[in-house]
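The values are calculated or read from the model by the stated rules, or taken from the named source; none is laboratory data. Values in this document were obtained by computation on a predicted structure and should not be read as measured data. Heads up, the Cβs are rebuilt from the backbone with ideal geometry, glycines too, and the neighbour counts pull from every protein chain shown.
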Amino acid sequence: MGYILALLSSASFGMIPLFSLPLLHAGMSAESVLFYRFFFAALLMGGIVLVRRDALAGPASELGALLGMSALYMLAALLMIWGFAYLPSGVAATLQFLYPVLVMLIMVLFFHEKLRLSVVCAIVLALGGVFLLGGGMGDNKAVQPMGVLLLLLSALSNSLYIVGLHVVKPRHMTGLGVTFWVLAFGSLICLGNALAMGSFSLPADLKELGIAFLLAAVTAALSNLTLVLAIQRIGSTMASVLGVMEPPTAVCVGILVFDEPSSASLWIGMCLICLSVLVVMLGPRLGSRRAKKQ
């Protein structure tokens, strides 16, 4: 059951284009789309936390740190949605999936973690994937350099968010409680950003409201809840490894639903990036097994 939950978590997160693109095409701003995603997801996660009776209260220092982490999380999501204007959604989701490799690179450069061979291999694979997704084979005509830059910055922001959570280590809340506060603070930041830019808009009709709710329910609430449940059953490493379903889901949604182009470089680049993430996730476990055998 844990494996199914982990696959469901990654696949649901990969459906961000399925719900966000119709709202963007209808004229809703990226800032407003993000606000509704964070706002409805915070309401849903808050309800789940209350039902499970998990802790929500925490010291001011932890809540302040989570506010800062929320800004990074919001920035990662905003840059990804901006990237949809320059890239096919599947390419955007795949590039954003580079964040585990960047997390490991940050830990090596700034937190003195050992530079393992698996990390070097992952970086080489990731660079090859980025090259191909960026049109390296000349068959990815829909890709624009600005989009690649936005998604690389998105992946970097997401990696800084994850490293920040690792440094802060909230001790008074569960993972679901932390997720609730990140989403709640994120919705406030998104609202302030939309109002400041003059781009805030209400859903034009019930259809848009329903799509906005599904965006939050599927890609934020469901993905986070199933991830937590999967980790409880199969562990964080295996749950993270099964997260590789996210890019293929987004790519298939883009091709089948939005008629986005399919090319050899797209599929090969996606496979290389997914492989680089698998190498990062499984590298330490394989290394420890070798050490035990010796």
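Given the criteria in contact with a Leu (Cβ under 9 Å, 6 or more places away or on another chain), free of Cβ contacts under 8 Å to residues at least 24 places away in the same chain and either in a helix (DSSP H, G or I) or closer than 20 Å to Ala250 by Cα (or both), does Leu8 qualify? Explain how you work it out, then say what you get.
Numbers: in contact with a Leu (Cβ under 9 Å, 6 or more places away or on another chain): yes; free of Cβ contacts under 8 Å to residues at least 24 places away in the same chain: no; either in a helix (DSSP H, G or I) or closer than 20 Å to Ala250 by Cα (or both): yes.
No; evaluated as a whole, the condition is false for this residue.
Matching residues to (1) over 16 Å from Tyr73 (Cβ atoms); (2) touching a residue at least 40 places away in the same chain (Cβ under 8 Å); (3) over 23 Å from the mean Cα position of the chain (by Cα):
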| residue | (1), (2), (3) |
| --- | --- |
| Ala204 | yes, yes, yes |
| Lys207 | yes, no, yes |
| Gly210 | yes, no, no |
| Ala230 | yes, yes, no |
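For segment 22-32, enumerate the residues that are part of a helix (DSSP H, G or I) and either in contact with a Leu (Cβ under 6 Å, 6 or more places away or on another chain) or surrounded by 21 or more Cβ atoms within 10 Å (Cβ to Cβ) (or both).
Keep residues of segment 22-32 that are part of a helix (DSSP H, G or I), which gives 22-25, 30-32.
Across segment 22-32, the qualifying residues are Leu23, Ala30, Glu31, Ser32.
Kindly check whether there is at least one residue in segment 101-112 that is farther than 22 Å from Leu215 by Cβ and of a type in the set (Phe, Trp, Tyr).
yes
Exactly one of these conditions fails for His166: (1) under 17 Å from the mean Cα position of the chain (by Cα); (2) surrounded by 19 or more Cβ atoms within 10 Å (Cβ to Cβ). Give me its number.
Of everything listed in (1) under 17 Å from the mean Cα position of the chain (by Cα); (2) surrounded by 19 or more Cβ atoms within 10 Å (Cβ to Cβ), His166 misses just condition (2).
Taking Arg37, is it surrounded by fewer than 24 Cβ atoms within 10 Å (Cβ to Cβ), out of contact with any strand residue (DSSP E or B) (no Cβ under 8 Å at 6 or more places or on another chain) and either touching a residue at least 40 places away in the same chain (Cβ under 8 Å) or under 18 Å from Met74 (Cα atoms) (or both)? I'd like the intermediate steps shown before the answer.
On the way: surrounded by fewer than 24 Cβ atoms within 10 Å (Cβ to Cβ): no; out of contact with any strand residue (DSSP E or B) (no Cβ under 8 Å at 6 or more places or on another chain): yes; either touching a residue at least 40 places away in the same chain (Cβ under 8 Å) or under 18 Å from Met74 (Cα atoms) (or both): yes.
Taking the combined requirement at face value, the residue does not satisfy it.
Check whether at least one residue in segment 51-64 is under 26 Å from Val277 (Cβ atoms), in contact (Cβ under 8 Å) with a residue 40 or more places away in the chain and touching a helix residue (DSSP H, G or I) at 6+ places or on another chain (Cβ under 6 Å), and report yes or no. Step through it out loud before you land on a result.
First pass over segment 51-64, keeping only residues under 26 Å from Val277 (Cβ atoms): none.
There is no residue in segment 51-64 that is under 26 Å from Val277 (Cβ atoms), in contact (Cβ under 8 Å) with a residue 40 or more places away in the chain and touching a helix residue (DSSP H, G or I) at 6+ places or on another chain (Cβ under 6 Å).
Cβ contacts < 9 Å: first residue in contact (Cβ under 8 Å) with a residue 24 or more places away in the chain and surrounded by fewer than 24 Cβ atoms within 10 Å (Cβ to Cβ), restricted to segment 259-279; second residue of a type in the set (Asp, Glu) and assigned to a helix (DSSP H, G or I), any location; separation 6+ or different chain. Result?
Note: pairs meeting the criteria are Cys274/Glu246.
Hey, does segment 18-27 have a residue that's under 18 Å from the mean Cα position of the chain (by Cα) and of a type in the set (Ser, Thr, Tyr)? Don't jump to the end; show me each part of the working.
Residues of segment 18-27 under 18 Å from the mean Cα position of the chain (by Cα): 18-21.
Next, only the ones that are of a type in the set (Ser, Thr, Tyr) stay: 20.
The answer is yes; a qualifying residue exists.
Could you list, in sequence order, the residues of segment 69-81 that are surrounded by fewer than 21 Cβ atoms within 10 Å (Cβ to Cβ) and either modelled with pLDDT under 90 or under 13 Å from Leu21 (Cβ atoms) (or both)?
The answer is none; no residue qualifies.
For segment 192-200, state whether one or more residues are of a type outside the set (Gly, Ala, Ser), part of a helix (DSSP H, G or I) and modelled with pLDDT under 90. Steps first, answer last, please.
Of the residues in segment 192-200, the ones of a type outside the set (Gly, Ala, Ser) are 193, 195, 197, 200.
Narrowing the set further to residues that are part of a helix (DSSP H, G or I) leaves 193, 195, 197.
Next, from what is left, pick out any that are modelled with pLDDT under 90: none.
No: segment 192-200 contains no residue that is of a type outside the set (Gly, Ala, Ser), part of a helix (DSSP H, G or I) and modelled with pLDDT under 90.
Within segment 90-118, how many residues are surrounded by fewer than 21 Cβ atoms within 10 Å (Cβ to Cβ) and among the β-branched types (Val, Ile, Thr)?
Of the residues in segment 90-118, 3 are surrounded by fewer than 21 Cβ atoms within 10 Å (Cβ to Cβ) and among the β-branched types (Val, Ile, Thr).
Quick one: count up the residues across segment 236-258 that are closer than 22 Å to Met1 by Cα and free of Cβ contacts under 8 Å to residues at least 40 places away in the same chain.
Number satisfying all stated conditions: 1.
Could you figure out which of (1) modelled with pLDDT of 90 or more; (2) assigned to a loop (DSSP other than H, G, I, E, B); (3) on the phi < 0 side of the Ramachandran plot isn't true of Gly58?
(1)
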